[in-house]
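Notes to accompany the following structure.
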Amino acid sequence: MQPGDELVKHAALTPAYAGKYEQARWVAHMIIPDVNKGTVFRTNDFRVDEKVKSGSAVEADYFLKKIKPDNSIEYDAFGYDRGHLAPSADFRWSKTALSESYYYSNMSPQLADFNRGAWGDLEDAIRGYMYGHPATELYVVTGPVLKPGLPVIERGVNKVSIPEQYFKVVLDLNNKKAIAFVMPNQAITKPLKSFATSID
């Protein structure tokens, strides 16, 4: 954590919120064996994280919506997905835990081709590891690479910083294995293993 960051403890995940960038510097969570038999799926209940004392990002940091006369909703998107740092599917064993993953303190602006492409593939691969190691638990820390001078979402109310890279560190204590990844916030065609790096 950096000076000014705020540690926010939820039941299933813990963000270190960096108010300067309006997103978490990192989010820590565990993937437990129950993920393999979980039956809870996306809740899409995106919301402000009331535990962030300085105020978390909000919906209007990512898009605006307007109710039209016919009661349909018109969306004005700003070009970025609300990318989960701790992915919702890692919590499909608990409705409460999965719902916590939709706090804006767990969101970061990701390009759609990245979020729905290689980043999602990495999340799937880490969960897939659990099928071959059903008795283990994984400790995961995920975050954006935050640094001065990052561009921001200009149309958003809080001017959320747009990271150029994201990292993910995974630790399997039972089997004494660990790995880290650093990936650019862009469409990726290279194999995931090419983004593996040392935890240091």
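Given the criteria open to solvent by 60 Å² or more (accessible area, probe 1.4 Å) and under 14 Å from the mean Cα position of the chain (by Cα), does Asn71 qualify?
no
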**Message:** Given the criteria modelled with pLDDT of 95 or more, among the hydroxyl-bearing types (Ser, Thr, Tyr) and open to solvent by 30 Å² or more (accessible area, probe 1.4 Å), does Tyr104 qualify?
**Reply:** no
**Request:** Identify, by number, the condition in (1) over 30 Å from Pro134 (Cα atoms); (2) aliphatic (A, V, I, L, M); (3) under 14 Å from the mean Cα position of the chain (by Cα); (4) open to solvent by 40 Å² or more (accessible area, probe 1.4 Å) that Ala57 doesn't meet.
**Result:** (4)
**Request:** Mind counting the residues in the range 157-185 that are under 11 Å from Pro109 (Cα atoms), open to solvent by less than 60 Å² (accessible area, probe 1.4 Å) and not hydroxyl-bearing (Ser, Thr, Tyr)?
**Result:** 4
**Prompt:** What residue, among those in the range 1-45 that are at pLDDT 90 or above, small (Gly, Ala, Ser) and surrounded by 16 or more Cβ atoms within 10 Å (Cβ to Cβ), is nearest to Gly55 (Cα to Cα)?
**Reply:** Gly19
**Prompt:** Based on what the data block shows, is Ala89 in a helix (DSSP H, G or I), within 19 Å of Gly19 (Cβ to Cβ) and either touching a strand residue (DSSP E or B) at 6+ places or on another chain (Cβ under 7 Å) or open to solvent by less than 60 Å² (accessible area, probe 1.4 Å) (or both)?
**Reply:** no
**Prompt:** For residues in the range 109-142 being open to solvent by 30 Å² or more (accessible area, probe 1.4 Å) and of a type in the set (Phe, Trp, Tyr), which is nearest to Ala187 (Cα to Cα)?
**Reply:** Tyr129
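The values are calculated or read from the model by the stated rules, or taken from the named source; none is laboratory data. Just so it is clear, the structure is predicted and the values come from calculations on it, not from any experiment. Because the Cβ atoms are built from the backbone with ideal geometry, glycine has one as well, and the counts that use them run over all protein chains shown. We work out accessible area using only protein heavy atoms, side chains counted, and drop any ligands, DNA or RNA first. Shrake-Rupley method; radii C 1.70, N 1.55, O 1.52, S 1.80 Å.
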